[in-house]
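Let me begin by presenting the structure, written as structure tokens, before commenting on it.
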Amino acid sequence: MLVLSRKLKESICIGEDIEITILAVEGDQVKIGISAPKSIEVHRKEVFDLIQQENENAAKPVSIDLLHAFLQQSRKDDF
């Protein structure tokens, strides 16, 4: 992990397209601004972790019993 010190209004550049700027320091809270292309998703870590978990859950195979029950219910709903 790279650790950098920055003062208010100072920035850090990541590659050519991403700039992180220190906007405010209030007590133990630091507000940052992130400039990045729209094609790059920017999330808080806890949100990113939730997205990753949901993606993993969606990629898991469905059990045959659950699929069978779903198909039976769908047939009932059609009539």
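The values are calculated or read from the model by the stated rules, or taken from the named source; none is laboratory data. All values reported here derive from a predicted model rather than from experimental measurement.
Here Gly27 fulfils each of the conditions (1) under 15 Å from the mean Cα position of the chain (by Cα); (2) at positive phi; (3) not hydroxyl-bearing (Ser, Thr, Tyr) apart from (1).
Listed conditions (1) part of a helix (DSSP H, G or I); (2) at pLDDT below 95 are all met by Asp49, apart from (2).
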